[in-house]
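Colleague: Quick one: this structure, given as structure tokens, is what I'll be asking you about.
The values are calculated or read from the model by the stated rules, or taken from the named source; none is laboratory data. For clarity, every value in this text was computed on a predicted model and none was experimentally measured. With ideal geometry, Cβ positions are generated from the backbone for all residues, glycine too; neighbour counts draw on all protein chains shown.
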Amino acid sequence: MLMDEAASLPENIQLVRNEHGRAFLDISHPRVKARIALQGAHITSCVPTGQGDLLWMSPENDARPDRPIRGGIPICWPYFGNERPGPSHGIARTSDWRLTGAVDTGDMIRLSLELPRGIIKHHLPDDDWQLQVEFELGSSLSIALRTTNSGGRAQVLSQALHSYLPVRDIHETRLWGLEGAEFFDQLTGVDHHRQQGPVTFSGEVDRIYHGHASAIQLDDSSQHYLVVTREGSESVVIWNPWTDKSQRLGQFPADGYKTMVCIEAANAGPDHRVLAPGESHTLVTQISRV
Ligand SMILES: O=P(O)(O)OC[C@H]1O[C@@H](O)[C@H](O)[C@@H](O)[C@@H]1O
């Protein structure tokens, strides 16, 4: 985004740069405060008025422009994890996006960004995609990621909105809404496990639940639940790195696993999509505190 475009932003939105030169959109609205990095169209904070942050951010994040951000909501696209050769979780989270729209509706801020096609072509010369994201920031957070196959042949898409959510204490955290769902355990490579009761945490968890579309409630034994809903998604990734992996992860403190969990609205594993020429698919997640 150019500086002269910043001049036409609504007064509640400012373009700022950190000491490393990374550009952020800072939103300060009567209903919400939020921050979005232009690299990755990556939301790093969303604080509805009167609430705590809906998102977890690593305190060790140095936010240098050449590294993915640890926390918030990385956009994993056009493949999840290592489903294709290349950087983990694809190219969108480390690429520079362009702001295409910013509106203050009174109740919320609505922001649209796109990943320029030239950048996609540069990284993935054999692919033909258009990619846009829309954020709705108010008393809750909603993200809609729209992918269009702009090529002449069918293309495979897998992806995730990799939401890092705060918890008071992971040992006392339960996820409701996945009871009875089937999951693929990424740690063992074994599929078709069935979830018994709520998801609890006493070690590393890295699972793709599939054939599942309903809401998930994050219960960390505090007064409120975080509720995660999805559209265009029949898979959800649940991840906590626990002790050993926390030591190996970049920009992640050794005890970081205690205060976060990822609930990632996805099209991953068996829920990957095949888009015909001209076809679009929109992946949506909404996070609210109730
Ligand atoms: O370190 P990255 O590339 O940000 O990935 C973090 C985690 O992302 C999760 O979605 C994966 O299921 C994990 O396997 C992975 O470790």
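Colleague: Output the qualifying pairs, or none if there are none: Cβ atoms under 8 angstrom, residues six or more apart or on different chains, first residue in the stretch 141-155 and within 18 Å of I91 (Cα to Cα), second residue among the small types (G, A, S) and surrounded by fewer than 23 Cβ atoms within 10 Å (Cβ to Cβ).
Modeller: Matching pairs, first to second residue: R146/S280; T147/S280; T148/G278; T148/S280; N149/A276; N149/G278; N149/S280; S150/G278.
Colleague: Answer with yes or no whether P270 is away from the ligand (no atom under 11 Å from the Cβ) and in a helix (DSSP H, G or I).
Modeller: It is true that P270 is away from the ligand (no atom under 11 Å from the Cβ) and in a helix (DSSP H, G or I).
Colleague: Checking the condition assigned to a strand (DSSP E or B), touching a residue at least 12 places away in the same chain (Cβ under 8 Å) and more than 11 Å from the ligand (Cβ to nearest atom), which residue from S202, S221, S288 passes?
Modeller: Exactly one of S202, S221, S288 is assigned to a strand (DSSP E or B), touching a residue at least 12 places away in the same chain (Cβ under 8 Å) and more than 11 Å from the ligand (Cβ to nearest atom), namely S288.
Colleague: Follow-up question, since we're still on this one. Tell me the strands (runs of 3 or more DSSP E) entirely within the stretch 133-177 that contain at least 2 residues that are over 17 Å from the mean Cα position of the chain (by Cα).
Modeller: Where strands (runs of 3 or more DSSP E) fall fully within the stretch 133-177 and carry at least 2 residues being over 17 Å from the mean Cα position of the chain (by Cα), they are 141-149, 155-157, 174-176.
Colleague: Take the stretch 236-260 and flag every residue that is within 11 Å of the ligand (Cβ to nearest atom) and part of a strand (DSSP E or B).
Modeller: Hits for the stretch 236-260 are V236, V237, I238, W239, N240.
Conditions tested, residue by residue: (1) assigned to a loop (DSSP other than H, G, I, E, B); (2) basic (K, R); (3) within 16 Å of the ligand (Cβ to nearest atom); (4) at pLDDT below 95.
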position	(1), (2), (3), (4)
N61	yes, no, yes, yes
R64	yes, yes, yes, yes
G81	yes, no, yes, no
T100	no, no, no, no
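Colleague: Something else about it: With respect to the numbered conditions (1) without any contact (Cβ under 8 Å) to a residue 24 or more places away in the chain; (2) polar (S, T, N, Q); (3) within 12 Å of the ligand (Cβ to nearest atom), which one is the sole condition not fulfilled by Q159?
Modeller: Here Q159 meets the rest and fails (1).
Colleague: Restricting to the stretch 224-235, give me the number of residues that are closer than 15 Å to I143 by Cβ and either within 13 Å of the ligand (Cβ to nearest atom) or assigned to a loop (DSSP other than H, G, I, E, B) (or both). Step through it out loud before you land on a result.
Modeller: Initially, the stretch 224-235 is screened for residues closer than 15 Å to I143 by Cβ, giving 226-233.
Remaining after also requiring either within 13 Å of the ligand (Cβ to nearest atom) or assigned to a loop (DSSP other than H, G, I, E, B) (or both): 232-233.
Here the count works out to 2.
Colleague: Pull up the stretch 68-78, narrow it to residues that are assigned to a loop (DSSP other than H, G, I, E, B) and within 12 Å of the ligand (Cβ to nearest atom), then point me to the one that is surrounded by the most Cβ atoms within 10 Å (Cβ to Cβ).
Modeller: Per the criteria, the residue is P74.
Colleague: Just one of V32, V47, V103 is surrounded by 14 or more Cβ atoms within 10 Å (Cβ to Cβ), farther than 22 Å from P253 by Cβ and in contact (Cβ under 8 Å) with a residue 12 or more places away in the chain; which is it?
Modeller: Values: V47 fails: farther than 22 Å from P253 by Cβ; V103 fails: surrounded by 14 or more Cβ atoms within 10 Å (Cβ to Cβ).
Sole residue among the options that is surrounded by 14 or more Cβ atoms within 10 Å (Cβ to Cβ), farther than 22 Å from P253 by Cβ and in contact (Cβ under 8 Å) with a residue 12 or more places away in the chain: V32.
Colleague: Oh, and also: Quick check on R174: is it within 16 Å of the ligand (Cβ to nearest atom) and not small (G, A, S)?
Modeller: Answer is no for this residue.
Colleague: What's the total number of residues in the stretch 178-199 that are touching a Lys or Arg at 6+ places or on another chain (Cβ under 6 Å) and not in a strand (DSSP E or B)?
Modeller: Of the residues in the stretch 178-199, 1 are touching a Lys or Arg at 6+ places or on another chain (Cβ under 6 Å) and not in a strand (DSSP E or B).
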